[in-house]
Amino acid sequence: MLSRREMLIALPLVGLVGACAGKDPAPSFPAFSFAGGPLLFNLGDIATENVFNPLGSGHVEADFDVSPQVAFENWMGDRVQAAGTNGHMTVTLLDASAVETYLPVTTGIEGAFRSEQGRKVSTRLSARFAAELREGEAWRRAETTVTAEYSATMAKDVSFTERRQALYAISRELINQFDSRAMAALRRDLRIFLG
């Protein structure tokens, strides 16, 4: 039988173990992939550079399992490939932001019984594609900039796991919109470099 002292030590530990066991399970979020094959450019190499720097309050990029920047990197790997011997493309990531703002909600007793949207996450993904190829004494150059934006709200009492799932869905929708716009823009504005 446990002594009173041992019981006083053991009870908080039982509560701690119970709290850990009651936490949300850790879901698995795979990287994004894009079917349909890449665009093949008649260029010797494609370089990427990142000039995006999240500044200011509300940035939550680090809370994403697949952030807008990582989604863009997945997209680049699946969608843009060099298939030539000379020429160059620079892809510049201009923006990969995710900013969370809190929405006004009802407070007090009335607010406790209301299901309301309490947060809004606004994402933006923007990249510039600039290509050049020398043919004899002449240079062929073309560029285009692609931007996609997507926002969604979450309940004020969203759980940790539900928030992670919502952020994953937001990132997925953002990159899907970017994919659609980028594929159209690259085929249109950089068609002279496509194989």
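The values are calculated or read from the model by the stated rules, or taken from the named source; none is laboratory data. Only a predicted model underlies this, so the values are computations on that prediction, with no experimental measurement involved. When we count neighbours, we look across all protein chains shown, and the Cβ atoms used for this are built from the backbone with ideal geometry, even at glycine. Heads up: the accessible areas ignore ligands, DNA and RNA and are worked out on the full protein's heavy atoms, side chains in. Shrake-Rupley method; radii C 1.70, N 1.55, O 1.52, S 1.80 Å.
General observations
- For segment 61-186, fraction of C-alpha pairs farther apart than 17 Å, in %: 63 percent
- Size descriptors for segment 26-91 (Cα atoms only): Rg and Dmax, in that order, 15.1, 46 Å.
- Across segment 82-96, coupling constants 3J(HN,Hα) worked out from phi with the 6.51/-1.76/1.60 Karplus curve, θ = phi - 60°, read 8, 9, x, 10, 9, x, 8, 10, 10, 10, 10, 7, 8, 8, 8 Hz, and Gly and Pro carry x.
- Residue order by solvent-accessible surface for Glu49, Glu116 is Glu49, Glu116, largest first, with ligands and nucleic acids left out and a 1.4 Å probe.
- Working ranking of peptides 50-56, 35-41, 180-186 by packing, defined as the average number of other Cβ atoms within 10 Å per residue, highest first, is 180-186, 35-41, 50-56.
- Dipole-positive endmost among Thr145, Leu194, Ala166 within segment 48-195 (Cβ charges, Cα centre): Leu194
- The fraction of accessible area contributed by carbon and sulfur in segment 93-195 is 48 percent, rounded to a whole number (1.4 Å probe; ligands and nucleic acids excluded).
- Contact order normalised by residue count of segment 57-195, Cα under 8 Å, 6+ apart, percent: 27 percent
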